[in-house]
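Enquirer: This is the structure I want to talk about, given as structure tokens.
We did not get these values from a lab; they are worked out from the coordinates using the rules stated. Computed from a prediction, not measured in an experiment: that's the story for all the values here. Here the Cβ is made from the backbone with ideal geometry for all residues, glycine too, and neighbour counts use every protein chain on show.
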């Protein structure tokens, strides 16, 4: 019964997030698995990072994730196009992507997304002989990641309109 008292006492943000994730996962699963016959795991993992019951936080994460994913995609594609796919390109591409993300783009929220996305794109090149196939699969994976971000933000926004999360509880002031 202690857990029930604690659950009632808490602000319910975990319940809000669980419902957001349930709805968004179901939507992505249906869109990608049922309609496009694709594995939705990349979109779902991306959606998880972009979901939050507090819409302001979800929007901040979404912005950082989209900007850094596009940067990683661009660098990954550049490395695939220039010279094909070789194992030694992965560490070089990831290092360059981190430098661009941290010193040029400077969107610190989700800045690790840039090298993650570059790795997704380049990994497609390492597992396929054809440069064109690698670029196609890399672009598809990035599209799934971006779709997941969009669905995560859209569900977070929609749920915040239907069921606004409670304001965070403020700590009691310290007594002197």
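Enquirer: Compute the FRET efficiency between residue 127 and residue 15 as 1/(1 + (r/R0)^6), taking r as their Cβ-Cβ distance and R0 = 35 Å, and round to the nearest 0.05. Walk me through the numbers on the way to the answer.
Expert: On the way: r = 40 Å, r/R0 = 1.14.
The value I calculate is 0.30.
Enquirer: Quote the FRET efficiency, to the nearest 0.05, computed for residue 96 versus residue 48 with a Förster distance R0 of 35 Å and r equal to the Cβ-Cβ distance. Numbers along the way, then the final one.
Expert: Working: r = 27 Å, r/R0 = 0.77.
Taking R0 as 35 Å, the efficiency between residue 96 and residue 48 is 0.85.
Enquirer: If the chain between residue 35 and residue 56 were fully stretched, how many nm would it gain, using 0.36 nm times the residue separation less the Cα-Cα distance? Each step should come with its number before you reach the end.
Expert: Numbers: separation 21, 0.36 × 21 = 7.56 nm, distance 3.11 nm.
Full extension from residue 35 to residue 56 adds 4.4 nm.
Enquirer: Could you calculate the contour length gain from residue 167 to residue 87, that is, 0.36 nm times the residue separation minus the distance between their Cα atoms, to one decimal place in nm?
Expert: 23.9 nm
Enquirer: So how do 30, 79 line up by other beta-carbon neighbours within 10 Å, fewest first? Don't jump to the answer; show the numbers that get you there.
Expert: Values: 30 12, 79 24.
By the 10 Å Cβ count, ascending, the order reads 30, 79.
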